[in-house]
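The values are calculated or read from the model by the stated rules, or taken from the named source; none is laboratory data. Treat the numbers as computed from the prediction; the structure is a model and nothing was measured. Quick reminder, even Gly has a Cβ in these numbers, built from the backbone with ideal geometry, and neighbours come from all protein chains shown. Heavy atoms of the whole protein, side chains included, go into the accessibility calculation; ligands, DNA and RNA do not. Shrake-Rupley method; radii C 1.70, N 1.55, O 1.52, S 1.80 Å.
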Amino acid sequence: PQSIVLCGLRDIKDYRIHVASGDVITGGSAFNIKAESLRLGNFTEAEVRALYEQHTAATGQAFDEAIYTEAWEDTRGQPWLVNALAHEMTWKDKAARDRSTPITLERYLAARERLIQSRATHLDQLTDKLREPRVHGVIAPMLSAETSDEALNPNDVSYVYDLGLIDRAINGELKIANRIYQEIIPRELAWGSQMAISNQQQAWYLTPDRHLDMVKLLAAFQQFFRENSESWIERFDYKEAGPQLLMQAFLQRIVNGGGRINREYGLGRRRTDLLIEWPVSEAEGFHGEVQRIVIDLTLQHGGLDAVLDKGLDQTADYADKCRADEAHLVLFNRNPNVSWSDKAWRRTREHRGRIIEAWGA
């Protein structure tokens with residue numbers, strides 16, 4: 001059989017896929033790449049598919065068709081991620097070492113989560129890059145979703161683009177380069193806080209029928225934020241995005257080991273959208289009933305009523321897009337002259353046919 005071998009050099013932007021003789025089973029894996037630099041050029045979508053299909057041709061092990069789209073959006077062809085995901089699916093998943101076992105979408109999603117949680121060498125390297133001032137100057141505004149790209153230093157933007165950390169969307173706006181980086185970056189930046197939030201237990205926020213009680217959870221976060229935000233946000237390297245990062249660390253602490261948090265953020269959006277997916281049945285996992293909860297995080301600028309009305313529109317739009325069962329809007333008021341008794345509130349609103357819980361913090 002033949003296997004696809006990736007040939008690349010550190011800090012060189014282009015390389016080719018070469019087809020070479022080799023046994024992907026006895027030789028280890030086709031999904032290997034030794035170069036760990038962030039700066040290798042990316043595969044095209046067709047090349048990602050070709051790499052995975054080469055494994056199928058050599059071993060007979062099939063990938064669910066839906067995996068190809070997910071793998072492209074998750075990696076956008078970043079070579080280490082493409083190979084690491086495939087290695088997780090076909091080797092780290094012990095059941096999948098039996099090549100008669102098809103790689104289903106659920107197996108793919110589980111492999112993706114393991115890779116994100118692994119904090120592997122490449123991902124540690126990414127974290128080191130985030131500490132560089134030039135990288136901070138570009139990524140921090142994206143996480144806080146406040147600044148437009150016109151306000152960024154063009155040389156810094158070029159540098160971070162060359163690192164492969166950012167890309168441009170179809171509309172020309174800057175965005176994090178792929179969904180895995182989009183997931184990993186806030187996790188890594190809030191990792192210490194997530195580990196330090198040790199006084200929160202998942203079981204506290206589960207109903208008797210094992211749904212997440214989001215009202216109870218967000219009320220607990222509201223109190224936690226009131227008591228701890230000033231000191232905890234000072235610990236972040238990315239203080240500009242401190243409220244959003246602290247919220248995500250709190251949620252990750254509760255949701256880890258069962259559910260998933262999907263994130264959407266970017267320059268000029270003025271909000272961070274979170275989608276929590278929570279499998280209600282431990283036995284059935286994501287094959288069974290899945291609770292889908294949208295949380296929209298927004299920094300309050302200006303009068304509360306205007307910000308709230310706009311936020312409700314945005315939350316309703318995102319909830320419709322995600323087919324969410326439940327929607328929440330969290331407004332962070334960073335004005336030091338406003339008392340906590342005025343910042344912390346909860347309002348239940350019916351908006352465009354949806355019940356949306358709005359929270360002040």
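Each other residue within a Cβ distance under 11 Å of Leu105 adds +1 if Lys or Arg and -1 if Asp or Glu, for a net charge of -2. Share of pairwise Cα-Cα distances greater than 32 Å in the chain is 36 percent (whole percent). Need one word for region 150-205: rounded, prolate or oblate. Basis is the Cα gyration tensor (sqrt eigenvalues a ≥ b ≥ c); a/c below 1.5 gives rounded, then a/b vs b/c decides. Since a/c reaches 1.5 and a/b is larger than b/c, the shape of region 150-205 is classed as prolate. Mark the label point 7 Å from the Cα of Asp342 along Cα→Cβ and return the residues of region 203-239 whose backbone N is within less than 19 Å of it. Under cut-off, by backbone N: 226-227, 230.
Measure off, as a whole percent, the carbon and sulfur share of the 1.4 Å-probe accessible area of the chain, all protein chains present. It would help to have the intermediate numbers written out before the result.
Working: 7600 of 16100 Å².
After summing per-atom areas, the C and S share lands at 47 percent.
Modelled label positions at Thr59 and Gln125, each set 7 Å beyond Cα in the direction of Cβ, lie 2.4 nm from each other. Axis of helix 179-189 versus longest Cα principal axis of the chain: the two differ by about 60°, to the nearest ten degrees.
Against the longest principal axis of the chain, how steep is helix 121-130, in degrees 0 to 90 to the nearest 10, with axes from Cα atoms? The angle comes out at about 40 degrees. Its Cα centre serving as origin, the chain has a Cβ charge dipole (Lys and Arg +1, Asp and Glu -1) of approximately 480 debye. Of the whole protein surface, Asp309 contributes about 80 Å² of accessible area at a 1.4 Å probe radius. For region 275-336, GluC sites (Glu not before Pro) are listed when DSSP marks them as loop and at most 15 other Cβ atoms sit within 10 Å of their Cβ; the list is Glu282, Glu284, Glu289. Among Trp91, Trp204, Trp80, the sequence by solvent-accessible area, most first, with a 1.4 Å probe is Trp204, Trp91, Trp80.
In order along region 221-227, the phi-based Karplus estimate (6.51 cos²θ - 1.76 cosθ + 1.60, θ = phi - 60°) of 3J(HN,Hα) comes to 5, 4, 5, 4, 5, 4, 7 Hz; Gly and Pro are listed as x.
As I understand it, the value is the acute angle between the Cα axis of helix 304-322 and the longest principal axis of the Cα atoms of the chain; what does it come to in degrees, rounded to 10? So the helix axis and the longest Cα principal axis differ by about 30 degrees. The value of relative contact order for the chain, using C-alpha pairs under 8 Å at least six residues apart, is 11 percent. Cα centroids of region 194-263 and region 323-361: 16 Å apart. Summed over the residues of the chain and divided among them, the accessible surface reaches 45 Å² per residue at a probe radius of 1.4 Å.
Which of the three applies to region 180-336, rounded, prolate or oblate, going by the alpha-carbon gyration tensor with a ≥ b ≥ c and a/c under 1.5 meaning rounded?
In terms of gyration-tensor shape, oblate.
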